[in-house]
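Below is one structure, written out as structure tokens, with a few remarks after it.
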Amino acid sequence: MNNETPMNLRFTEGDENHLFRHSGERRDPGFSDEINPGIKCLEGILLEEGLVSEEELDRAKSRQKEKGESLIQALCALEPDTEEMILKALGARFHIPYQATIKQDIDPSLIEGIPFHFVKKNRIIPINRIDGTIRVAIYNPLELQPLDDIRLLTGCRVEPVLCPIDEIMDAINRIYHHAPESAEKMVQDLDKTDLGLITEIGEEPKDLLDLANEAPIIKLVNLILVQAIKDRASDIHIEPFEQELRVRYRIDGVLHDTLTPQKRYHTAIISRIKIMSKMNIAEKRLPQDGRIRIRVADKEIDIRVSTVPTAFGERVVMRLLDKHGSMLHLEELGMSGYTLKKMNDIIHHSHGIILVTGPTGSGKTTTLYAALTKINFADKNIITIEDPIEYQLDGIGQIQVLPKINLTFSNGLRSILRQDPDVIMVGEIRDLETAEIAIQASLTGHLVFSTLHTNDSPGAITRLIDMGVEPYLVSSSVIGILAQRLVRLICKNCKEAYIPDPEAIMEIGIKPEDIPNNTLYQGKGCDECKNTGYRGRTGIYELLMMDDRIRHFTMQRSESNIIKREGIRRGMTTLRQDGTAKVIAGLTTIQEVLRVTQEDVV
């Protein structure tokens, strides 16, 4: 925004020409006749209209002072059902229409030139333009200055509309989150910028969408992070090569090239990321780890940062974790009816070990969180030890592993056992010591959840035995092993039917007669899915129940292939079979299932 824009003008609420003083127009009598010193006190209006009692007003004022909210916000926070009633009454008093929702009406082009921090601070958003008049959603009819500022910024007459606060903030976050400025455009603009500003690295902005006054490299790094969150990326890779610098996002488990800034910006970008993650910017020879906490719109994101030195400079990988992301329920993970029923059964056992296996990034932690949420009742004491804590779970004690102070999985697990837990989650069984403590905990009346890195569920049994755990302990403690992978879902926006090649379907074990109407589905590619044909992911699962026959093979130290054959004979659905069922159901493709699974043992 131009510094000469009169955003700092202030007027008194009693000024007769407040709203239109700069254009020489008289104020709109239908809008502001009621605004005068005699009734400008909101407390008096609320009491006069009978909207609140003295006691409710006192409580709201206390909250207002404590939280720094507006009086209306404080009242509505204490009595959520009163917001619509209060806004409608104030709207009638000041002749301002009330509108419960604005989602469908917003014209994103109207935010051009209006800073994010301005609309967020004032809880105000332009909705649309009708006959040269801009309709603006507001929350407090007594705060008139922001309306005048918008009139000056746009050069248009303004017409206010009262709207619920959540509706306004959702609109602000949604519109500015999808604003056209991108990291790619920023890279192009850097060539035209005075790079002397690169070293001017100050405090982190409160919200990364508020980019207006940042130095070029700070702004570029912020935009890389914002763009990653827009694109639903789980990881950001910044990779230096001899002649170029490459930025890639991992979206739905697959890496995509995103940006190629000039190599000369590499040092500045890495230095900025190191400062954000509190690393040593002078140390470029050793790997380093750090963390960044940022806010983008209404999302709080925790970022794990890892740097390693390579032949052409330091390489950075950032893992993005939405700390308050929406948690999936067990029923939403994509388990088949049989697997879901069995999983529901074993998570309600009083003791035993439940293992979830799969490679990094296969959704193991999400499955464990969904299982814990399912059994999280007031009569259970649930404690976890994780590295890292990926989501905050209400009502559950979560411990972060800190190897620097010797808070390892094994040491933390010993301490947890002195906290009288009913259910324990160990982020990962990495060594014999952790495995033995987890097994002892399960044998003494605790339900233990944990993960292992194995290719399939039978492989978890042989992995524990190879670690040094006695077979009899494995067979007596483990009650179920769930292996899983994530497959990309076909984009719903460009999904199309096709007749599959018989050889292709035979490759994953489908017979032509298994496919309804001999038709499968694939994604054509569109802007919504970035021309990949896929958007979103779901899980495929393989649940091995530890029954008497499987225990027998465990005690015999049998190979995982033998245990797997026995599991299949006893009704276990393999990862490949579950993926095949999802192909037939039109959820994913043959190529996806082949990508994440290996051929089943027969």
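The values are calculated or read from the model by the stated rules, or taken from the named source; none is laboratory data. These numbers come from a predicted model, not from an experiment. Here the Cβ is made from the backbone with ideal geometry for all residues, glycine too, and neighbour counts use every protein chain on show. Just the protein is used for accessible areas: all its heavy atoms, side chains included, with ligands, DNA and RNA removed. Shrake-Rupley method; radii C 1.70, N 1.55, O 1.52, S 1.80 Å.
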| query | Ignoring ligands, DNA and RNA, what percent of the accessible area of the stretch 71-173 is carbon or sulfur (1.4 Å)? | reply | 49
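Ordered by packing density, taken as the mean number of other Cβ atoms within 10 Å over each peptide's residues, highest first, how do 136-143, 414-421, 218-225 rank?
Working: 136-143: 21.1, 414-421: 13.8, 218-225: 24.0.
Result, highest mean first: 218-225, 136-143, 414-421.
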| task | Just name one of Ala460, Gly509, Gly536: the one whose Cα is farthest towards the positive end of the charge dipole of the stretch 435-553 (beta-carbon charges, Lys/Arg +1, Asp/Glu -1). | result | Gly536
| task | Quickly work out the Glu332-to-Thr519 label distance, labels modelled 7 Å from Cα along the C-beta direction, and quote it in nm with one decimal. | result | 3.0
| message | Which residues among the stretch 99-114 fall inside the zone where the amide N is under 18 Å from a point 7 Å beyond the Cα of Asp527, along Cα→Cβ? | response | 106-112
| Share of carbon and sulfur in the accessible heavy-atom surface of the stretch 264-414 [1.4 Å probe, %] | 53
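How much of the accessible area of the stretch 432-582, probe 1.4 Å, is carbon plus sulfur, in whole percent? Walk me through the numbers before you get to the answer.
On the way: 3000 of 6880 Å².
Ligands and nucleic acids excluded, carbon and sulfur give 44 percent.
Using the beta-carbon distance between Asn381 and Val308 and R0 = 45 Å, what value does 1/(1 + (r/R0)^6) give for FRET efficiency, to the nearest 0.05? Walk me through the intermediate numbers first.
Values: r = 40 Å, r/R0 = 0.89.
Step by step, r from the Cβ atoms, then E = 0.65.
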| note | Placing each pseudo-label 7 Å from Cα in the direction of the beta carbon, Glu244 and Lys341 end up separated by a distance in nanometres of 5.4
| remark: For the pair Gln440 and Gln104, the simple spin-label estimate (label points 7 Å beyond Cα toward Cβ) gives in nm 6.4
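Given the pairs Lys492/Lys530; Lys341/Lys492; Lys230/Lys530; Lys219/Lys274; Lys121/Lys299, which span a C-alpha to C-alpha distance of over 20 angstrom in this model? Display every interim value, and only then the final one.
Working: Lys492/Lys530 13 Å; Lys341/Lys492 28 Å; Lys230/Lys530 12 Å; Lys219/Lys274 15 Å; Lys121/Lys299 17 Å.
Those over the limit are Lys341/Lys492.
How much length is gained if the chain between Glu69 and Asp231 is pulled fully straight, taking 0.36 nm per residue apart and subtracting their Cα-Cα distance, in nm to one decimal?
On the way: separation 162, 0.36 × 162 = 58.32 nm, distance 3.25 nm.
Taking Glu69 through Asp231 to full extension adds about 55.1 nm, to one decimal.
Before I look further, what does the stretch 496-544 give for accessible area per residue, probe 1.4 Å, in whole square angstrom?
58
So for the stretch 334-393, Kirkwood radius off the Cα pairs, Stokes-Einstein at 37 °C and 0.692 mPa s: how many µm² s⁻¹?
On the way: Rh = 13.0 Å.
Result for D is 253 µm²/s.
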| task | Please give the contour-minus-distance gain from Asp289 to Glu559: 0.36 nm per residue of separation, less the Cα-Cα distance, rounded to one decimal in nm. | result | 93.4 nm
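Suppose every K and R has +1 on its Cβ and every D and E has -1 on its Cβ; what is the size of the dipole of the stretch 347-480 about the Cα centre, in Debye to the nearest 20?
Details: 8 positive and 14 negative charges, 18 e Å.
The calculation lands at about 80 debye.
Assuming R0 = 22 Å, what is the FRET efficiency of Ser53 and Gln145, from their Cβ-Cβ distance, to the nearest 0.05? Can you show the working numbers first?
Working: r = 30 Å, r/R0 = 1.37.
After rounding, the FRET efficiency stands at 0.15.
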| Accessible area per residue of the stretch 63-123 at 1.4 Å probe, in Å²? | 54
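Please report, in debye to the nearest 20, how large the charge dipole of the stretch 60-129 is about its Cα centre when each Lys and Arg carries +1 at its beta carbon and each Asp and Glu carries -1 there.
Values: 11 positive and 9 negative charges, 60 e Å.
With Lys and Arg at +1 and Asp and Glu at -1, about 280 debye.
Subtracting the Cα-Cα distance from 0.36 nm times the residue separation, let me have the gained length for His95 to Ala504 in nm, one decimal. Don't skip to the answer; put the middle values down first.
On the way: separation 409, 0.36 × 409 = 147.24 nm, distance 6.72 nm.
Length difference between fully extended and current span is 140.5 nm.
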| Taking a spot 7 Å from the Cα of Gln400 along the direction of its beta carbon, which residues of the stretch 299-319 have an amide N less than 12 Å from it? | 302-305
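How big, in percent, is the set of alpha carbon pairs in the stretch 283-399 lying more than 20 Å apart? Can you show the working numbers first?
Numbers: 3725 of 6786 pairs.
Pairs farther apart than 20 Å: 55 percent.
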